[in-house]
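Enquirer: Starting off with a structure, shown below.
Read the figures in this text as sums done on the coordinates, not as results from a lab. Owing to the predicted nature of the structure, the values given are computational and were not obtained by experimental measurement. Heads up, the Cβs are rebuilt from the backbone with ideal geometry, glycines too, and the neighbour counts pull from every protein chain shown.
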Amino acid sequence: MKRVEEDNSTQKTVEDYLEAILQIHDRQGYVRSIDVAEQLEVSKPSVTYTTKRLREKNYITTDHAGMLVLTDTGRAIAENTLNRHHVLTRFLEQIGVNHEQAQTDACKVEHDLSEESFQAIVRLAASMENKG
């Protein structure tokens, strides 16, 4: 699966932004910088700075109306990150964590968990579902 190859704090920021852009687009069909700022609870200047870096890395572009658009590479990273978030949230709920806490913890873990550990959780969660 596609992951961002950068230092950990940069990786987390990139993945958070791309995931937010994907979620906003899926929810409303377009993405403005202000939408990203609101979802991530960051300032508009922070979004301007980060989206500039995302454009430089070819993760996003803007359309004729100035809306943020994921490139194929950006979409792959966003989908992978969102999938990890969903899988980890469901797993934490399976082991008894309430939904809100599971969401919060999954967001923290989704960026740092190795692919090997993530796949082990996927297998464990699947076996728990089959037994359940």
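Enquirer: Suppose every Lys and Arg Cβ carries +1 and every Asp and Glu Cβ carries -1, with no other charges. What dipole size does the chain come out with about its Cα centre, to the nearest 20 debye? Provide the component values of the computation, followed by the final result.
Expert: On the way: 16 positive and 22 negative charges, 41 e Å.
Magnitude of the dipole: close to 200 debye.
Enquirer: To continue, here is another question. Which angle from 0 to 90°, rounded to the nearest 10, does the C-alpha axis of helix 99-109 make with the longest principal axis of the chain?
Expert: It is inclined by approximately 70 degrees.
Enquirer: Using only Cα atoms, find the angle between the long axis of helix 44-56 and the longest principal axis of the chain, and express it within 0 to 90 degrees, rounded to the nearest 10.
Expert: Between helix and principal axis, roughly 90 degrees.
Enquirer: A further question follows. Using the charge dipole of the chain (Lys, Arg: +1 at Cβ; Asp, Glu: -1 at Cβ; taken about the Cα centre), state which of Y30, A78, A102 has its Cα farthest towards the positive end.
Expert: Among Y30, A78, A102, the one farthest towards the positive end of the dipole of the chain is Y30.
Enquirer: Take peptides 19-30, 83-94 and line them up by average Cβ neighbours within 10 Å, highest first, as a rough protection proxy.
Expert: Numbers: 19-30: 16.8, 83-94: 18.4.
With the highest mean Cβ count within 10 Å placed first, the list reads 83-94, 19-30.
Enquirer: Using the alpha-carbon atoms, what tilt in degrees (0 to 90, nearest 10) does helix 72-94 show relative to the longest principal axis of the chain?
Expert: Approximately 30 degrees, to the nearest ten.
Enquirer: Classify segment 58-121 as rounded, prolate or oblate, taking a ≥ b ≥ c as the square roots of the eigenvalues of its Cα gyration tensor: rounded when a/c is under 1.5, otherwise prolate if a/b is larger than b/c and oblate if not. Write down the numbers at each step before the final one.
Expert: On the way: a/c = 3.77, a/b = 2.07, b/c = 1.82.
Prolate.
Enquirer: Only Cα pairs under 8 Å and at least 6 apart count here; give the relative contact order of segment 1-110 as a rounded whole percent.
Expert: 25 percent
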